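Read through the structure below, which is laid out as C-alpha cells, and then see the notes.
Each value in this text was obtained by applying a stated rule to the coordinates, not by laboratory testing. Here the structure is a predicted model, which is why all the values come from computation and not from measurement. Virtual Cβ from ideal backbone geometry, glycine too; neighbours counted across all protein chains shown.
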Amino acid sequence: MGIIRKKFLQRDNKLISINIFMKKYIIILLLFNISLNAQKIGIVEKFKSNLQHAHASLVIGENTKVVEDLNYDIKPHIDSIFMNKNIQFEKIENFDFSIINGYNGVHLNWNKEIEEKLKKFCLDNGIDGLILLFSVNDPKYSIQPNRTLYKQNFDFGIITSGGIKKQLYFFNNLKILYYTVKSNRLNYPILKRDESLSITQNFKKYDEFVFDTKTKKLLNPEKAKKDFLKDFFYRIDASFNEVFREIKK
C-alpha cells in the first residue's frame, strides 16, 4: 500500500508541475499580447481619396487630363485595415510632411537626420512609431504622368490613352513608409512586383474600346472601377500587412 500511495503522490506532483508550467506559459503569452497591444502607432495621411479617370490624347505625358470622377472613396477601406491588428492606432493631424523631404529608400544612411526628427516627433506625441500614407506630388521627383497629374490632385486612378483604345492604365502615386522608435529606421514595405504599391503603373487589356472617342469618358466605368480596385486594394492590403508584420517584431 505504501508503494502505491508513493506512486500516486509522484503522479500528483507531476500534474502539479505541469499545471504550474502551463500557467506560466499562459501568463507569458498574455504578457506578450499585452506588449503588442501596448504599442501605440500614429497614422498620418495626405492624399486625395476619390477615384478618378484621366485621359491622354495620344501618349501618357504632359497632355494627360482628369476627365471624370468615378464616385468612389477609398478612405473606408483604408480605415478598415487598422481594425483587429493587436496594435493601438491613433490618427495624427499635426504631422509636418516636410520632415521626410529628401527621404532616400536606397541609401538608408542618408536618412539619419529625418529619423532623428521622427524620433523626436514620436516621443513628443507619446507614440511608439508612425505609418505614413501619402501621395508623392512633388514634380521635381515625379516621373510622367505624375508631373502633370499632381497639379490636378490625381493621386491614383485609371488612365486611358488615345493611342491605345483597348487598354486601361492603373496609376498609383501613393506611398507607404513606416518608422518605429525602437528601430529608429524609416522604411518602406518590400514586396513582390504584383504586391508592391511602389509600382506606379500597371495595365489591363480588353477586347473592346474602353472609352468614348468624343467625350473621352469610360464606356463601362463600373467594370473599369472594379478591375482597378481589385488590383489597387490587393497592393494596399499586402503593403499594410507587411508593415504590421515588421512593426510587431
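Quick look at the numbers
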quantity: Radius 15 Å from Cβ of Glu116, net charge of other residues (Lys, Arg +1; Asp, Glu -1); calculated: +2
quantity: R0 of 22 Å, Cβ-Cβ distance Tyr206-Val136: FRET efficiency to nearest 0.05; calculated: 0.15
quantity: Ranking of Lys119, Lys214, Lys248, Lys175 by count of other Cβ atoms within 10 Å, fewest first; calculated: Lys214, Lys248, Lys119, Lys175
quantity: Computed lengthening from Asn94 to Ser80, 0.36 nm per intervening residue step minus Cα-Cα distance; calculated: 2.8 nm
quantity: Pairs from Lys46/Lys248; Lys119/Lys226; Lys120/Lys249; Lys85/Lys112 whose Cα-Cα separation, in the structure shown, is over 32 Å; calculated: Lys119/Lys226
quantity: Neighbourhood net charge (11 Å Cβ-Cβ; Lys/Arg +1, Asp/Glu -1) for Leu174; calculated: +2
quantity: Cβ-based charge dipole, region 40-247, positive-most Cα from Asn125, Thr180, Ser135; calculated: Ser135
quantity: Cβ-based exposure ranking for Tyr103, Tyr234, in which fewest neighbours within 10 Å come first; calculated: Tyr234, Tyr103
quantity: Order of Ser98, Ser196, Ser183, Ser135 - criterion: other Cβ atoms within 10 Å of each residue's Cβ, fewest first; calculated: Ser98, Ser183, Ser196, Ser135
